[in-house]
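Asks: Right, I'll just put the structure down here and ask away after.
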Amino acid sequence: MATQRQSSQIEDFDDEDNLFYEVHEVVVRKLGHVPIAKGDFHLLPVGVQRFIAKWVQICQPRGLYICDGSQAEATEIIHKLEDRGTLHKLTSKKYESNYICRTDPADVARVESKTWMCTENKYDTVPHVATGAQGILGRWLSPDDAKKSMKSFEGCMAGRMMYVIPFSMGPIGSPLSKIGVEITDSNYVLLSMRVMARVSNEVWKVLAEGDGEFVKCLHSMGCPRPSQRKIINHWPCNPEGVFIGHFPAKREIASFGSGYGGNSLLGKKCFALRIACNIAREEGWLAEHMLIMGLTNKKTGKETFVCAAFPSACGKTNMAMLTPSIPDYDVRCVGDDIAWLKFDKDGVLHAINPEAGFFGVCPGTNMKTNPNAMLTCMKNSIFTNVAETADGEFFWEGLEDEIENKSVSITNWLGQPWKIGDGGKAAHPNSRFCCPASQCPIIHPKWEDKKGVPISAFIFGGRRPQGVPLVFESFGWEHGVMVGACVKSEATAAAEFKGKQIMHDPMAMRPFLGYNFGKYLEHWLSLDKAPNKVPKIFHVNWFRVDDKGQFLWPGFGDNIRVLDWIVRRCEGEENMSIKSPIGHLPKKGSINLNGLGKLDWDQLFSLPKHYWEADNDESRHFLNQQVGEDLPKVIREQLKAQGQRIEEELFYYEGEKK
């Protein structure tokens with residue numbers, strides 16, 4: 001009977017416009033006898049009260065805890081998790097308030113196969129794929145099927161506290177920002193959201209003074225007490241029951257079963273990309289998987305801001321916090337992962353970082369690849385699924401040369417003894433650091449400017465071992481949108497895919513698309529209109545290798561040399577490029593290579609004809625199959641024109657044609 005009663009409640013609450021009763025009746029009838037451990041429910045905005053009341057009745061928590069984002073609150077929760085064994089303080093004197101956490105080994109990454117967009121019309125979410133094709137650009141679930149999955153939330157918080165987290169994506173009060181409220185039964189999520197978003201009581205004031213609109217975020221680990229599943233590493237989860245549903249029409253997100261950041265920190269990919277790109281389309285702006293950085297030419301004093309979109313774990317954070325290898329530039333980080341971009345009244349595109357922290361991949365991060373990231377996470381950080389040395393330091397693959405005691409005992413991410421030289425991995429390939437952006441040594445003074453920063457260039461890229469040159473500039477906006485639509489890269493550990501196959505990741509948004517990709521491309525194309533001044537579009541590839549598998553480009557701090565070329569192109573500098581079938585390539589000598597030693601320029605920028613014939617045809621086939629009739633005519637024409645240029649202007653090198 002209880003299950004039937006709760007199920008009917010989900011039906012009753014499906015349309016909150018039907019909640020016509022007064023707020024005090026909601027409190028009496030829907031909160032029941034659930035005690036409020038912290039905060040004053042009656043002071044919350046009416047819409048928030050209704051949201052909480054609905055899910056209190058359905059999820060049945062043992063209590064309600066209304067968060068304020070304060071340090072005292074964080075300290076209380078940290079002590080609770082230390083006592084429970086979920087968090088463990090890293091004892092090295094190098095750190096200040098750093099903690100390590102190990103998850104259930106079954107809950108370590110985004111679960112794309114169980115992540116859905118839920119809309120009445122299927123083709124609002126996914127394109128009309130070709131007959132027989134399996135679509136990969138978005139995952140759609142009907143509202144009726146979503147409602148069935150939502151039944152998992154019935155009683156899901158029994159025996160657990162319900163935490164209410166008010167947060168702002170973007171600086172609180174900025175016209176470019178949006179408000180969210182996340183309900184969760186996870187202390188880990190509470191602590192991480194406090195780092196990754198702006199959690200504050202000020203959010204309630206913004207809601208009260210504004211239109212009252214907020215994105216409703218519901219999360220549960222899916223482990224009511226008493227648990228029916230063995231709890232591993234003090235990490236409750238329900239990997240068999242994972243469901244991550246987005247309801248763009250209602251501005252709602254529901255996540256069940258997983259505590260991994262991309263699935264549970266709902267302000268991140270779920271809100272800041274999947275829901276936000278729907279809002280952005282309606283309101284005429286962009287929500288993109290992009291870093292934001294400022295590059296100041298020391299000779300001229302001029303600063304240029306650029307955004308770059310790379311698939312996960314392809315060096316986006318490293319680039320955002322780049323330490324230049326040449327003295328010509330100062331680099332400042334505005335954001336490392338997500339950008340919200342809006343044109344001002346004069347047509348200048350401004351960007352804000354909607355996040356307040358970094359949620360970076362640990363393996364490969366060190367003082368050579370990203371010293372600023374390492375320095376950022378020396379305090380007030382949470383490390384998930386990394387290894388720990390007997391000296392109380394974090395460890396992961398990539399730190400072998402930096403660890404002082406090479407023979408020190410190490411506990412790997414599975415809690416097992418390990419030492420350098422042993423087989424297997426010390427840290428999970430998708431292990432993460434979560435740290436406040438404000439601690440970054442090169443954080444931009446304007447990173448929380450409510451106006452945002454003006455953007456001059458978009459840069460796309462991915463891991464392309466063959467064929468793709470170090471950098472090229474598109475011929476214009478339409479061609480650049482096509483270049484972004486054709487982004488490909490090796491798969492990474494951030495998703496559940498294995499191996500190193502080359503995968504399509506259009507605009508670096510494939511896992512995060514919130515609506516029909518054909519309409520998404522139309523939206524991008526529509527922005528090139530007066531008075532808008534659209535940025536230049538470039539493509540980079542740090543990962544091209546020679547026939548021995550060695551990287552042709554040193555990367556890391558030397559990437560500033562490529563960015564310098566991009567900046568000068570944005571400033572209109574001439575006589576520094578040559579036209580090729582795929583875009584403008586750097587003219588020999590136009591990139592500063594001083595101090596690099598021997599470098600094979602010709603191979604770095606070669607365009608093998610057989611490769612580009614196949615690549616262009618494959619891209620055209622992919623978009624025809626995956627986007628079908630929704631693919632904008634302009635993109636078809638751009639691909640066709642590029643194919644003709646490749647056929648007419650490239651030639652085969654000796655021994656190349658097969």
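To keep it simple, each residue is scored yes or no on (1) of a type in the set (Lys, Arg); (2) over 22 Å from residue 486 (Cβ atoms).
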| position | (1), (2) |
| --- | --- |
| 520 | no, no |
| 526 | no, no |
| 540 | no, no |
| 545 | no, no |
| 549 | no, yes |
| 571 | no, yes |
| 579 | yes, no |
| 583 | no, no |
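Asks: Ok, one more. Quick check, is residue 468 assigned to a helix (DSSP H, G or I), buried (at least 16 other Cβ atoms within 10 Å of the Cβ) and in contact (Cβ under 8 Å) with a residue 40 or more places away in the chain?
Replies: It is false that residue 468 is assigned to a helix (DSSP H, G or I), buried (at least 16 other Cβ atoms within 10 Å of the Cβ) and in contact (Cβ under 8 Å) with a residue 40 or more places away in the chain.
Asks: Additional query: Suppose we keep only residues that are touching a residue at least 40 places away in the same chain (Cβ under 8 Å) and polar (S, T, N, Q) within region 541-578. Which one would you say is farthest from residue 461 (Cα to Cα)?
Replies: Across region 541-578, the extreme among qualifying residues is 577.
Asks: Residue 86: crowded, with 18+ Cβ neighbours inside 10 Å and touching a Gly at 6+ places or on another chain (Cβ under 8 Å), yes or no?
Replies: Criteria not met by residue 86.
Asks: Here's a follow-up. Across region 68-83, what is the number of residues that are touching a strand residue (DSSP E or B) at 6+ places or on another chain (Cβ under 6 Å) and loosely packed, with under 12 Cβ neighbours inside 10 Å?
Replies: So the answer is 0.
Asks: If I filter region 401-422 down to residues being over 31 Å from the mean Cα position of the chain (by Cα) and loosely packed, with under 11 Cβ neighbours inside 10 Å, which single residue comes out as nearest to residue 100 (Cα to Cα)?
Replies: Out of the qualifying residues, it is 417.
Asks: Still on this model: Considering region 426-438 alone, what residues qualify as being open to solvent by 10 Å² or more (accessible area, probe 1.4 Å) and either without any contact (Cβ under 8 Å) to a residue 60 or more places away in the chain or touching a Gly at 6+ places or on another chain (Cβ under 9 Å) (or both)?
Replies: Listed by number, the residues that qualify are 432, 436, 438.
Asks: Turning to a different aspect of this structure: When you scan region 283-301, do you find a residue that is closer than 28 Å to residue 44 by Cα and either modelled with pLDDT of 95 or more or open to solvent by less than 10 Å² (accessible area, probe 1.4 Å) (or both), even just one?
Replies: yes
Asks: Could you tell me which numbered condition residue 530 fails, if it satisfies all but one of (1) at pLDDT below 95; (2) assigned to a loop (DSSP other than H, G, I, E, B)?
Replies: Only one criterion in (1) at pLDDT below 95; (2) assigned to a loop (DSSP other than H, G, I, E, B) is unmet by residue 530, namely (1).
Asks: Confirm whether residue 483 is modelled with pLDDT of 95 or more, open to solvent by 10 Å² or more (accessible area, probe 1.4 Å), over 20 Å from residue 260 (Cα atoms) and within 21 Å of the chain's Cα centre (by Cα).
Replies: Answer is yes for this residue.
Asks: Any residue at all in region 623-633 that is closer than 25 Å to residue 135 by Cα and free of Cβ contacts under 8 Å to residues at least 40 places away in the same chain? Give the steps one after another, and end with the answer.
Replies: To start, the set of residues in region 623-633 that are closer than 25 Å to residue 135 by Cα comprises 623-633.
The next check asks that each one be free of Cβ contacts under 8 Å to residues at least 40 places away in the same chain; those that pass are 633.
Yes, region 623-633 contains a residue that is closer than 25 Å to residue 135 by Cα and free of Cβ contacts under 8 Å to residues at least 40 places away in the same chain.
Asks: Of all residues in region 330-356, how many are of a type outside the set (Val, Ile, Thr), closer than 25 Å to residue 462 by Cβ and open to solvent by less than 10 Å² (accessible area, probe 1.4 Å)?
Replies: Within region 330-356, the subset of a type outside the set (Val, Ile, Thr) is 330, 332-333, 335-337, 339-347, 349-351, 353-356.
Now narrow it down to the ones that are closer than 25 Å to residue 462 by Cβ: 332-333, 335-337, 339-341, 349, 351, 353-355.
This time we only want the ones that are open to solvent by less than 10 Å² (accessible area, probe 1.4 Å), so: 333, 335-336, 339-341, 349, 351, 353-355.
Looking only at that region, the number is 11.
Asks: Hey, residue 475 hits all of (1) modelled with pLDDT of 95 or more; (2) in contact with a His (Cβ under 9 Å, 6 or more places away or on another chain); (3) within 27 Å of residue 363 (Cα to Cα); (4) open to solvent by 10 Å² or more (accessible area, probe 1.4 Å) but one; which does it fall short on?
Replies: (3)
Asks: When the residues of region 443-460 are filtered to those that are in a strand (DSSP E or B) and in contact with a helix residue (DSSP H, G or I) (Cβ under 8 Å, 6 or more places away or on another chain), which remaining residue is most open to solvent (accessible area, probe 1.4 Å)?
Replies: So in region 443-460, the residues in a strand (DSSP E or B) come out as 443, 453-460.
Okay, now just the ones that are also in contact with a helix residue (DSSP H, G or I) (Cβ under 8 Å, 6 or more places away or on another chain), so 443, 456-460.
On the way: 443: 30, 456: 48, 457: 0, 458: 0, 459: 1, 460: 0 Å².
Per the stated criteria, the residue is 456.
The values are calculated or read from the model by the stated rules, or taken from the named source; none is laboratory data. Quantities reported herein were computed from a predicted structural model and do not represent experimental measurements. Heads up, the Cβs are rebuilt from the backbone with ideal geometry, glycines too, and the neighbour counts pull from every protein chain shown. Calculation scope for accessible area: heavy atoms of the full protein, side chains included, ligands and nucleic acids excluded. Shrake-Rupley method; radii C 1.70, N 1.55, O 1.52, S 1.80 Å.
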